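Before any comments, here is the structure.
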Amino acid sequence: MHSHDHCHFLNLTKEYSTADLAAFHGHLGPFIVLGYRMGRYAKNQFCNDPFEMSAKVYCSGRTPESCLVDGVQLGSGCTYGKRNIEIVESPEIKVVFSAGSKTLTVVPKPETRMNGSGHTESEVEHFAEDLYSWRDDRLFEYSLH
């Protein structure tokens with residue numbers, strides 16, 4: 001853990017609201033919410049030091065799946081600027097967090113996906129707001145190694 005008594009802005013914590021997520025991302029969608037919740041879970045349950053933890057986001061690499069990355073950054077503290085987050089193109093969606101020799105793999109459950117296509121922005125936003133309030137065990141499965 002990085003701890004410097006002279007630093008006022010190191011290891012600050014913040015709970016981001018759906019409005020915060022939308023302000024950062026440009027709109028509110030399910031993937032930023034899901035990424036945020038996955039990152040927050042990793043930070044709270046796995047490693048709370050954003051300098052020791054890294055994240056690999058497995059997804060198609062295209063929107064909307066790639067929006068997971070924005071949420072993971074806000075939830076976990078892993079960022080592109082610190083070079084401790086990356087996208088790995090994959091047909092599977094998951095995030096693998098690492099800290100030292102430990103890894104935490106977080107995989108979203110199927111019910112976190114909107115069925116069908118052609119949803120209005122309002123429908124997408126409402127679904128994302130709903131996801132935000134779901135319990136962790138309803139959103140994703142995880143395994144620690």
Residues being in a helix (DSSP H, G or I), farther than 22 Å from Val107 by Cβ and free of Cβ contacts under 8 Å to residues at least 12 places away in the same chain - total across segment 23-52:
1
Has segment 46-58 got at least one residue that is hydroxyl-bearing (Ser, Thr, Tyr), modelled with pLDDT of 95 or more and under 20 Å from Tyr16 (Cβ atoms)?
no
Being over 15 Å from Pro64 (Cα atoms), at pLDDT 95 or above and in contact with a Gly (Cβ under 8 Å, 6 or more places away or on another chain) narrows it down to one of Ser76, Ser101, so name that one.
Ser76
Select from segment 65-118 the residues that are within 20 Å of Pro30 (Cβ to Cβ), among the hydroxyl-bearing types (Ser, Thr, Tyr), touching a residue at least 24 places away in the same chain (Cβ under 8 Å) and surrounded by fewer than 16 Cβ atoms within 10 Å (Cβ to Cβ) and list them in ascending order.
Ser90
Considering only segment 119-133, state which residues are touching a residue at least 24 places away in the same chain (Cβ under 8 Å) and within 17 Å of Gly75 (Cβ to Cβ).
Ala128, Glu129, Leu131, Tyr132
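The values are calculated or read from the model by the stated rules, or taken from the named source; none is laboratory data. Given the structure is predicted, the values throughout are model-derived calculations rather than measurements. Cβ atoms come from the backbone with ideal geometry, glycine included; neighbour counts cover every protein chain shown.
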